[in-house]
Amino acid sequence: MHKHRTSHRSIGGKNFIILPIIFCVLIIGISTAAVYSASGNFISMAQMFFSDGERDFSTGYDNIFVPIEEEDEDEDEDKENSSSERKVVPMSQVEFPSYGDQFGELIIEDCQIEAKLFFNDGVNELNNGVGVFTGSFIPGYGKTILVAGHNNTFFNGLKYAEKGQKVKIRTSYGNYVYEINDIKIVNEDDVDACNLGADYENLIMYTCYPFDELGLTPQRCFVYAKFVSGPALDNKH
Amino acid sequence: MSDSGKRFNFKSVVYGFLSFILGFLLFLLSVCLVLKFTFFSKDFMLESMANSGYYEMTKDELCDELQDLGHASGLPDEFFDDFVRGLDMVEIERTYISAFYTGSSELVDTDKFKQSLIDAVNVYIDENNIDNKKADENSILHFVNEASSIYVKTVKIPFFEVLAKYIKNVDTPLTVAVIGIAAAVLAVAAIIFFTNRYKHRRYRYLTYGLGAGFLSVAVVPIVVYSSGIIPKINLATRSLYNLFVGYFNSLFMYFWIFAGILLFLSVIGFVVYRQKYLKAIGR
């Protein structure tokens, strides 16, 4: 029988670990370099499909609305009329709502409307109440507040809206009263129906029109309300 | 160094290099086979859909989205419960996926959906004695078109149409590549096996290559899972999220399977090498 000349050597087991590891590093290195050079742009683009954490698909919402004691409306209104000074709430005391948060409620007693008020007017928000368009402002800012709702659910009562009716918005930082002063029916593509750049506080509510009709209607009902009372938000504090 | 020593070192380098090439080819072969069995396989996609509960979830999501539309259209939630229950999402999705893998342009048929919805609305109008004034034809048509868009969005899988042309174009070359790489693997293994004078050395160099192939293939899922990237995939709906998390988990399972096969062959190679070596040195 032929005796191998390296019979004095060990079985060389460590080579079976070290060499495959070295080869593996080379294989992965070469492959990575080749893939990146061939499709680096595609890989960079693919990174857009990943976020920092697992996505939350819950359709629930956070409620930051804590009702505060309601002052006598008439008294409050008198105060507003007798003095040009408006009660001021420092911004530091206000918990600003995040997208989708319920931060208040909107009530029009004459129209039998009592709905949760959300920050954002997406599908989830309008399924649960009415929502402030995030390109407008929240009450107290001294600007336009644009609120949307479905005509067959929470804003169905807007069909009873009339001039002079009071609209109440209750938030955790103050209770607001507005008075309906105009109602307009416009086409869905009428961009002049609301002025989001107004430098005075006003409330605009809108929904699809006609009410109670089947299908997606091509018109919108806009209900305008002027500010009556409620604290101003002071963003200097 | 003596001539025999130099020759021995030179041969070691050459066979070491061939082992490296063998490992590289095994890695490429494994990657190509994984892609062939997963990304380029219609059955794999359909299996992933069935396993992730995709059909049931898309049905629920379609119903929810249509109900949302119903809130703006005066139709109650129950109307959509009944309507969506009548849709065969399994057949609709299977048709869509099949069209995608064959590169057809007609991916989602909306005509049947629209007609079914119009019929259902008409039945609802009749059953509820709704006044014609409250059922304007244009408003209903607008609603049906919007519902159809939601239906298409729900059935479609994002970016699949973009990828479809690549799948159609790359599938055949990939099959050729698999055959070519497999032939190259056999050729390199044959060179190592038949050109070595000593039997134990044949198995040694084959084992080096198999070990390198095993480690390289195993590195891919190890890197992916240690980065925790799969659960962070950002998709619009829960059904798509579950589908693709399951899809990628199954895809990387194939890497584990190939790594396992290569590990098994490496161990066999080492055991045979050891037996041959011990026999060679006469122990």
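The values are calculated or read from the model by the stated rules, or taken from the named source; none is laboratory data. This structure is a prediction, so every number in the text was calculated from the model and none was measured. Note: ideal-geometry Cβ built from the backbone for every residue, glycine included; neighbour counts use all protein chains shown.
Just a yes or no: is a residue in the range B:205-212 at negative phi and more than 9 Å from chain A (Cβ to nearest Cβ)? Yes - at least one qualifying residue is present in the range B:205-212.
Taking the range B:3-104 and the helices (runs of 4 or more DSSP H) fully enclosed by it, the elements with 1 or more residues that are aliphatic (A, V, I, L, M), within 19 Å of B:N249 (Cβ to Cβ) and without any contact (Cβ under 8 Å) to a residue 40 or more places away in the chain are at B:42-51. Consider the range B:178-230 and keep the residues that are assigned to a loop (DSSP other than H, G, I, E, B) and under 30 Å from B:S250 (Cβ atoms). The one that is farthest from the chain's Cα centre (by Cα) is B:G228.
Return the residues of the range B:136-161 that are hydrophobic (A, V, I, L, M, F, W, C), within 12 Å of another protein chain (Cβ to nearest Cβ) and under 18 Å from B:L66 (Cα atoms); say none if nothing qualifies. Full working, then the answer.
First pass over the range B:136-161, keeping only residues hydrophobic (A, V, I, L, M, F, W, C): B:140-141, B:143-144, B:147, B:150, B:152, B:155, B:157, B:159-160.
With within 12 Å of another protein chain (Cβ to nearest Cβ) added as a condition, the list becomes B:140-141, B:143-144, B:147, B:150, B:159.
Scanning the range B:136-161 gives B:I140, B:L141, B:F143, B:V144, B:A147, B:I150.
Looking only at the range B:97-135, residues that are within 14 Å of another protein chain (Cβ to nearest Cβ) and among the aromatic types (F, W, Y) come to 1 in all. On inspection, B:F80 qualifies as more than 30 Å from B:V176 (Cα to Cα), touching a Cys at 6+ places or on another chain (Cβ under 6 Å), among the aromatic types (F, W, Y) and at pLDDT 90 or above. Is there a residue being in a loop (DSSP other than H, G, I, E, B), touching a helix residue (DSSP H, G or I) at 6+ places or on another chain (Cβ under 6 Å) and over 24 Å from B:L62 (Cα atoms) anywhere in the range B:156-177? No, the range B:156-177 has no match at all.
Specify the residue that is farthest from A:F96 (Cα to Cα); the eligible residues are those in the range A:191-237 that are among the small types (G, A, S) and assigned to a loop (DSSP other than H, G, I, E, B).
Here is the first cut: in the range A:191-237, the ones among the small types (G, A, S) are A:193, A:197-198, A:215, A:225, A:229-230, A:232.
Add one more test, that the residue is assigned to a loop (DSSP other than H, G, I, E, B), and what stays is A:193, A:197-198, A:215, A:230.
Numbers: A:A193: 27, A:G197: 21, A:A198: 21, A:G215: 36, A:G230: 17 Å.
Result: A:G215.
All conditions but one from (1) assigned to a helix (DSSP H, G or I); (2) under 27 Å from B:A236 (Cβ atoms) apply to B:L107; the one that does not is (1). For the range B:225-283, filtered to residues that are in contact with an Asp or Glu (Cβ under 9 Å, 6 or more places away or on another chain) and among the basic types (K, R), the residue that is surrounded by the most Cβ atoms within 10 Å (Cβ to Cβ) is B:R238. The residue of the range B:85-117 that is modelled with the highest pLDDT, among those that are farther than 21 Å from B:D64 by Cβ and of a type in the set (A, V, I, L, M), is B:I97. Exactly one residue out of A:E188, A:E125, A:E213 is surrounded by fewer than 20 Cβ atoms within 10 Å (Cβ to Cβ) and within 14 Å of chain B (Cβ to nearest Cβ): that is A:E188.
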